[in-house]
């Protein structure tokens, strides 16, 4: 892989205001101001959001199964590189290793990031990708972005939230489950109320506007 790479962090997922039925995955340049929005589909958004909010599904999802297979066959995911952007599509590679050899595989960016989150692998983007797709949000936006709930959960009791979480997981509505889990964490004192769980309104508009025709 190229040496010209910048480490990225996953801020989270928000609803895309540009493309109906899609979500915007937002990456943040580590030690920098650039943000990179990537439009992903519903299932990929579910998988990423679940990992960000530590929601455990009743059955393993595809990315969980792949990680289990990595472990079973002694495969390590060392890093993900988003190396190109062409015709509105991001291009990514997985850097894998075993005791005997190293290999690289092409991957959809959303799949690569979902796997990286489950294996604590580093995520990188090339300077070329940042130059083409990066933008700056002026206001402070430290912390990760969670899927925005369709309505506020703040007024619900802990018991009500627990019931809603069980129902959401049972129905495999994982975006909603991730949001409910965050609300539970706040009520339990595991997460401060003023933690940046979502982009501010202007920041979200900037992210979704910038994500037009930028896909995985």
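The numbers here are math on the coordinates, done by the rules we state, and not lab data. A quick note: this is a predicted structure, and the numbers were derived from the prediction, not measured. Heads up, the Cβs are rebuilt from the backbone with ideal geometry, glycines too, and the neighbour counts pull from every protein chain shown.
The base-10 log of I(q)/I(0) for region 37-116, evaluated at q = 0.12, 0.16, 0.19, 0.20 Å⁻¹, reads -0.38, -0.66, -0.89, -0.96 [Debye formula, identical scatterers on Cα atoms, solvent excluded]. Which parts of region 70-89 would a label at residue 101 reach, counting a residue when its backbone N lies under 18 Å from a point 7 Å out along Cα-to-Cβ? Correct set: 73-78.
Can you list the residues of region 97-132 with backbone N under 14 Å from a point 7 Å past the Cα of residue 71, pointing along Cα to Cβ? What the label zone holds, given the 14 Å backbone N cut-off, is 118-120. Our estimate of slack between residue 190 and residue 78, defined as 0.36 nm per intervening residue step minus the Cα-Cα distance, is 37.3 nm. Sorted largest first, the spans of the alpha carbon positions of region 70-122 along the three principal axes are 37, 21, 15 Å.
Extending 7 Å from the Cα toward the beta-carbon at both residue 172 and residue 54 defines two label points whose distance is 2.6 nm.
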